[in-house]
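Engineer: The structure under discussion is supplied below as structure tokens; questions concerning it will follow.
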Amino acid sequence: MLRFDWDDSLALGITALDDQHRTWIERLNNLSEAIESNQEDQHISKTLKFLVGYSEFHFAAEEKLMAAHNYPLLEQHKQEHKKYRDALADLLLLQIGQADALRKISDSVKNFQIAWLTNHIRKVDRKFADFLDENVAVDMPDSL
């Protein structure tokens, strides 16, 4: 089973966002594990739907924080979020019980979602964290 483990290169120094990223990684691992261990279709579907909802929650929190600090790359950041949303929307169209559905979801986790999230945090979210470090002289809230 492919595991995606949190490491310090993913830490932004914004507690709320870092905690959300850790939860997201944990749930991606749960989805991968559920598929690998042939858990019931209903459990896999529920886990996938949680990821969709959680990504929406996280994106909204991140975008709200960016807007509050007049982040100049907010629109570009929203476009990155849209790419992920579009990929997840395609997965939700799959009928879990049908042939190849689990393979497509598994491939998405292994070949797209983990890579997207890693790259997004390390590069795109890092730009925002650096922007805050350079431009904001107050502590960030622990919860968003």
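Engineer: Look at segment 97-123 and say how many of its residues are crowded, with 17+ Cβ neighbours inside 10 Å and touching a residue at least 24 places away in the same chain (Cβ under 8 Å).
Structural biologist: 9
Engineer: Also, I was wondering about something else. Conditions: (1) farther than 20 Å from Glu26 by Cβ; (2) assigned to a loop (DSSP other than H, G, I, E, B). Gln39 meets all but one. Number of the miss?
Structural biologist: Against the list (1) farther than 20 Å from Glu26 by Cβ; (2) assigned to a loop (DSSP other than H, G, I, E, B), Gln39 comes up short only on (1).
Engineer: Next question. Looking at the structure I just gave you, is Ile35 farther than 23 Å from Asp19 by Cα, surrounded by 18 or more Cβ atoms within 10 Å (Cβ to Cβ) and over 18 Å from the mean Cα position of the chain (by Cα)?
Structural biologist: Judged against the criteria, Ile35 is a match.
Every number here is computed from the coordinates shown, using simple stated rules; none is lab data. Computed from a prediction, not measured in an experiment: that's the story for all the values here. Methodologically, a virtual Cβ is constructed for each residue, glycine included, from the backbone with ideal geometry; neighbour enumeration extends over all protein chains shown.
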